[in-house]
Amino acid sequence: MAVKILALESSCDETAAAVVEDGREVLSNIISSQIDIHTLYGGVVPEIASRKHVERVNQVIREALQAANCSLSDIDAIAVTYGPGLVGPLLVGVSCAKAISLSTGIPLVGVHHIEGHISANYIEHKDLEPPFICLVVSGGHTHLVVVKDYGEYEILGRTRDDAAGEAYDKVARAIGLGYPGGPKVDALAKTGNPNAIPFPRAHVEDNGYDFSFSGLKSAVLNYLHGCEQRKEEVNRADVAASFQQSVVDVLVEHAIQAVKEKGFDKFAIAGGVASNSAIRTAFEKRCAEENISFYRPSPILCTDNGAMIGAAGYYEFIKGNVSAMDLNAVPNLKLGER
């Protein structure tokens, strides 16, 4: 008997709902984005995001059920992101999921947002099973993770300061591209010279798997200030391309090092920044050279969505990890915690 999961995601500025069957088949995946609103402010405003989630969440759930051609009576469990993320937006999703669970008796499953991103690969690649190594790169996270089993993780490395996505947003703002920074830097970089400016590649001495992007961000800002003081014209495409190449080099070096040293032959990427074309191309090339099987979700599954939460929720549900009605939003939830 197929297990259908209704999944909600509202950790930041996307209100999303999906119906996922047996953790791999997406019956519907509805996403309501707030990018146009937050672009006016140069970034996500948590209070505005929360209000928009309240306005949209019920509509998105109805759309997801309708698109999946099912009703709540067909749903076996309700999965919801409860951390990490912005506390206000998280509370909207958690409260809605708890209300549905309480009124219908459908079991509730709290899902870790990063686990959701990793699980997006199960949707895209039906043959992928643990164990493997996954690099999660998003606006708030840069994690290098051993996926030991479904729901079981070991963090090998993480950022010591800015996440890769944060660095993209700050550099985009500095060169006048605006929000959201990642896609705009990626697009502009295609027209620039990635070797034009020798930006640094940070290495963390006490853990070769950890990341640091604060120094790179500062180097870009210092370069721009130097050009301004010398009244030199800035080639924004070269800045974008050179910055992006530095990020790509570090991500690829650390990840491939981990895969080889830990003895794996499967590697996946996940998270919003994993939709970046330069990152995907670099990993495709390097994994092919090293005879490593490479997995990556489609760009729509890299960004925040309900389908990935449904995939993760399914594996938690079949293990019996059902949440009680005291489930709450945990904005700083660590991977592996429950």
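The values are calculated or read from the model by the stated rules, or taken from the named source; none is laboratory data. Just so it is clear, the model here is predicted, and its values are computed rather than measured. Backbone-built Cβ (ideal geometry, glycine too); neighbour counts: all protein chains shown.
Assorted remarks:
- Filter pass, ILE175 being assigned by TED's automatic domain parsing to the domain that holds PHE213, β-branched (Val, Ile, Thr) and more than 30 Å from VAL322 (Cβ to Cβ): yes
- Filtering the stretch 60-108 to residues that are assigned to a helix (DSSP H, G or I) and β-branched (Val, Ile, Thr) leaves VAL60, ILE61, VAL87, VAL92, VAL94, ILE100, THR104.
Residues are listed down the side, and each one gets a yes or a no for (1) charged (D, E, K, R); (2) over 20 Å from ARG338 (Cα atoms); (3) surrounded by fewer than 20 Cβ atoms within 10 Å (Cβ to Cβ):
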site: VAL136; (1), (2), (3): no, no, no
site: GLY139; (1), (2), (3): no, yes, no
site: HIS143; (1), (2), (3): no, no, no
site: ASP149; (1), (2), (3): yes, no, yes
site: GLU152; (1), (2), (3): yes, no, yes
site: ALA164; (1), (2), (3): no, yes, no
site: ASP169; (1), (2), (3): yes, yes, no
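- GLU233, sole failed condition from (1) outside any loop (DSSP other than H, G, I, E, B); (2) of a type in the set (D, E, K, R); (3) surrounded by fewer than 19 Cβ atoms within 10 Å (Cβ to Cβ): (1)
- Residues that are on the phi < 0 side of the Ramachandran plot and among the acidic types (Asp, Glu), drawn from the stretch 21-65: GLU21, GLU25, ASP36, GLU47, GLU55, GLU63
- Filtered residue count, the stretch 15-60, keeping only those that are of a type in the set (A, V, I, L, M), farther than 19 Å from GLY93 by Cα and modelled with pLDDT of 95 or more: 2
- When ALA288, ALA274 are screened for being at pLDDT 95 or above, in the same structural domain as LYS148 (by TED's automatic domain parsing) and of a type in the set (A, V, I, L, M, F, W, C), only ALA288 passes.
- Count - residues of the stretch 148-163 that are in a strand (DSSP E or B) and farther than 21 Å from GLU25 by Cα: 9
- Among the residues of the stretch 35-59, those that are in a helix (DSSP H, G or I) and under 15 Å from GLY85 (Cα atoms) comprise PRO46, GLU47, ILE48, ALA49, SER50, HIS53.
- The set of residues from the stretch 310-338 being among the small types (Gly, Ala, Ser), crowded, with 20+ Cβ neighbours inside 10 Å and more than 21 Å from the chain's Cα centre (by Cα) comprises just one member, SER323.
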